[in-house]
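The structure under discussion appears below in the form of structure tokens.
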Amino acid sequence: MEVLRAEKLQLGEETLSGHKLVQAVTTLSDLPPEWAHQEIRRILEHSEHCGQISDELTLDQLRAAMVSYLESLQSSLQFEEND
């Protein structure tokens, strides 16, 4: 039985990328799977780092897209607080 290891996003000896990476993140998020997958896809589509889910998507690209997303959320919240 293979175990999904969140710390390295590996399944057995395989380092995850692409669709398998997105599926692992979706599963590990413990959010409703369909919603989480759609949200990740939306974040990637709006990211300058990768643009879409592809087989070449790396963990570093996903991290960069998520950081950009969180920074934009933070900016939006700070703007709302100043109004």
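The values are calculated or read from the model by the stated rules, or taken from the named source; none is laboratory data. Just so it is clear, the model here is predicted, and its values are computed rather than measured. Neighbour counts are summed over all protein chains in view; Cβ atoms, including those assigned to glycine, are modelled from backbone coordinates with ideal geometry.
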Original post:
Quick one: what pairs do we get from region 54-80, first residue among the hydroxyl-bearing types (S, T, Y), second not in a helix (DSSP H, G or I), C-beta under 6 Å, 6+ apart or different chains?
Top reply: T58/S17; S68/S47
Original post:
Counting only residues that are hydrophobic (A, V, I, L, M, F, W, C) and exposed (fewer than 15 other Cβ atoms within 10 Å of the Cβ), how many does region 40-83 have?
Top reply: 5
Original post:
If you check every pair at least six apart or on different chains, which have Cβ atoms under 9 Å apart with a residue in region 27-42 that is of a type in the set (K, R) first and a residue that is surrounded by fewer than 12 Cβ atoms within 10 Å (Cβ to Cβ) second?
Top reply: R41/Q52
Subject >> All positions within region 57-83 that are among the charged types (D, E, K, R) and modelled with pLDDT of 85 or more >> reply: D60, R63, E71
**OP:** Run down R42, R5 and say which single residue is modelled with pLDDT under 90 and among the basic types (K, R).
**Re:** R5
**OP:** Give the residues of region 39-83 that are in a loop (DSSP other than H, G, I, E, B), of a type outside the set (D, E, K, R) and farther than 11 Å from L21 by Cα, sorted by residue number.
**Re:** H46, S47, H49, C50, G51, Q52
